[in-house]
Amino acid sequence: MKITKICCIGAGYVGGPTMSVIASQCPEIQVTVVDLSKERIDLWNHSDLDKLPVYEPGLKELVEKTRGKNLFFSTEIDKAIDEAEMIFISVNTPTKTYGKGKGQAADLKNIELCARNIAKVAKTNKIVVEKSTLPVRTASAIKSILDNTGNGVDFEILSNPEFLAEGTAIDDLLNADRVLIGGAETEKGQTAKDALAGIYQHWLPKDRILQTNVWSSELSKLVANAFLAQRVSSINSISALCEKTDANVAEVSRAIGYDSRIGAKFLNSSVGFGGSCFQKDILNLVYIAQSYGLQEVADYWEQVIIMNDYQKRRFAENIVTTLYNTVSGKKIVFYGWAFKKDTNDTRESAAIYVADALLDEKAEIVIYDPKVPESQVYEDLDYLGTRSPEENRRLLKVVNDPLKASEEAHAIAILTEWDEFKNYDWKIIYDKMLKPAFVFDGRRLLEKDTMQEIGFEYYKIGQS
Ligand code: NAD
Ligand code: UDX
């Protein structure tokens, strides 16, 4: 079966980059990305490519090459569904904030809306692809909605979870370690899986495209994120021990990572993992395990989150303790607000929680991030609901000049590993700050000896 028209519902961090890559690699396929948000679609269609709603290295070049040729961004959802043979659902599936499973389960409201919309509009057979990360067995719910509310056409449901990481999305998509396709173990299911595999085969070797049953595919996505996050929490737990024992966490990471059974990746100790996926997906895994009565399994994975919360809290508490047990009225500058470098995404960024803890102590915080706008910083803090929006704006400011920000500062905290922070003239920064001048490096970005030679009181996570 040859696919000529694709629709992707959800023009976010996954839908946008993924469809840009498909469009660029499959010029004969027309790809339409749709979204309920007119504002987002307008930005995807903006003539100034620096205004795209997602910042990813290499993305704007792909959009420039394909937009208006075989890549389209639109709010005409029904039209795009009607025309496509294959529909990707790539909407957000955040943690539930209400009702049963609040704080743990994935909120599937958007998924159900998409399924009902597809059922209503479809007049020809469709392959529906779950691109969003979903709890295991969601495909059966989607199938039930489609079959019970549709117009009698055939729907084949595939699970095709996305493994890209933000900041490296385009490279991850173009050189994916693997693509996972789950589907029904029937003739029709196989035809659908092969059709989707055919798209990826435009640029990936066949042996990197794995086919499984639909449940294994749905579950594997949650498990992959849980394993990756678990490595970060594991090394972060050791960072606390290193600080007490004069061991150096970077040396420990290197020493264990040389063992090919362990491997070197995802062993960078930090102020704690953030991002829209790790916490949400582990909480979801915990909830699923609990709902099957597997309490020990749930407790095991929950510990990854508990350790991550501890790491963020520990970092904030260390700032307070080091600054003579009070930060009240003290200016603390944050370099970085995004959850990692090379993205403008701030969801679940450790910076939000460290700021919240320091604001509780009445610190005066100044934020500089090269890609995150002021409005986003306030939105993130207001969302926590810890204090009024007015107080957040009174105590915390967002600036565009990192060097000016350091004037009269008591401390600088590095929360994101942006490359530019490494290249600053730290001597100039030192001269502008109050003395003693403290730097709390939550990303292990700078050299301890160099910083101490300049005169800084320098604290690096995982190193005494
Ligand atoms: P996002 O919030 O950036 O984008 C989702 C988009 O879907 C939004 O623009 C929203 O307006 C739109 N939307 C929601 N409901 C809709 C509906 N009914 N009709 C039309 N549009 C609708 O989210 P994201 O980061 O792209 O994540 C999408 C999914 O992919 C999630 O399930 C996430 O877990 C998963 N995922 C994300 C990443 C990542 O790095 N962000 C990586 C892998 C998987
Ligand atoms: C993650 C998964 O890597 C990706 O496969 C999945 O599709 C989505 O979730 P993402 O959250 O975009 O991707 O970024 P990732 O590189 O995994 O980093 C997540 C968080 O962990 C960041 O805050 C990062 O700074 C932190 N991290 C990562 C560490 O603290 N140490 C590490 O060694 C690696």
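Each reported figure results from applying straightforward, stated rules to the coordinates on display, with no laboratory input. Quick caveat, the model's predicted, so the values are computed rather than measured. Methodologically, a virtual Cβ is constructed for each residue, glycine included, from the backbone with ideal geometry; neighbour enumeration extends over all protein chains shown.
Hey, got a sec? Which GluC sites (Glu not before Pro) in the range 50-118 land in a DSSP loop and have at most 16 other Cβ atoms within 10 Å?
Working: sites: E61, E64, E76, E83, E85, E112; in loops: E76, E85.
Those that pass, being in a loop and sparsely packed, are E76.
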- Which of the aspartates and glutamates could a cross-linker bridge to K427, judged by Cα under 12 Å and excluding same-chain residues fewer than eight apart? E453
- Task: Compute log10 of I(q)/I(0) for the range 5-204 with the Debye formula, placing one identical point scatterer on every Cα and leaving out solvent, at q = 0.14 Å⁻¹, to two decimals.
- Result: -0.79
- Message: Using Cα-Cα distances under 8 Å and only pairs 6 or more residues apart, what relative contact order does the range 5-204 have, in percent?
- Response: 21 percent
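For the range 392-434, just say rounded, prolate or oblate: build the C-alpha gyration tensor, square-root its eigenvalues into a ≥ b ≥ c, call rounded for a/c under 1.5, and beyond that prolate if a/b exceeds b/c, oblate if not.
Details: a/c = 2.02, a/b = 1.26, b/c = 1.60.
Judged from the Cα gyration tensor, the range 392-434 comes out oblate (a/c at least 1.5, b/c at or above a/b).
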- Each residue of the range 408-424 in turn: what ³J(HN,Hα) in whole Hz from Karplus with 6.51, -1.76, 1.60 and θ = phi - 60°, glycine and Pro shown as x? 6, 7, 7, 8, 10, 10, 9, 10, 10, 8, 3, 4, 4, 5, 5, 8, 5
- With Rg and the Kirkwood Rh both taken from Cα atoms, where does Rg over Rh land for the range 316-464? 0.93
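If exposed means no more than 16 neighbouring beta carbons inside 10 Å and the site is in a DSSP loop, what's the longest run of the chain without any exposed trypsin sites (Lys or Arg not before Pro)? Walk me through the numbers on the way to the answer.
Working: sites that count: K2, K69, K100, K102, K123, R137, R178, R261, K265, K362, R387.
Answer - 266-361.
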- Query: Calculated from DSSP H runs of 4 or more alone, at -39500 (n - 2.57) each and per residue, what is the 222 nm mean residue ellipticity of the chain, nearest 500?
  - Reply: -14000 deg cm²/dmol
- Message: Please list, in order along the range 226-242, the HN-Hα scalar couplings obtained from phi with the Karplus expression 6.51 cos²θ - 1.76 cosθ + 1.60 (θ = phi - 60°), rounded to whole Hz, x for Gly and Pro.
- Response: 5, 5, 5, 5, 4, 5, 5, 5, 4, 6, 5, 5, 6, 4, 5, 5, 4
- Sort out the exposed loop chymotrypsin sites (Phe, Trp or Tyr not before Pro) in the chain (DSSP loop, at most 12 other Cβ within 10 Å) and tell me the longest stretch that has none. 99-257
- Antiparallel %, DSSP beta bridges [both residues in the chain], to 5: 10 percent
- Message: Going by amide H atoms built from the backbone, whose H comes under 5 Å of the H on V33, apart from near neighbours?
- Response: C8, F72, F73, S74
- Short to long, in 20 Å steps from zero, the percent of alpha-carbon pairs of the chain per bin is 23, 53, 23, 2
- Item | Over 18 Å (Cα to Cα) - which of K69/K123; K221/K280; K244/K460; K120/K143; K126/K206 fall in this group | K69/K123; K126/K206
- Message: Please list 3J(HN,Hα) in residue order for the range 24-38, calculated via the Karplus relation 6.51 cos²θ - 1.76 cosθ + 1.60 where θ = phi - 60°; whole Hz, with x for glycine and proline.
- Response: 6, 8, 10, x, 7, 9, 8, 10, 10, 9, 10, 7, 5, 7, 5
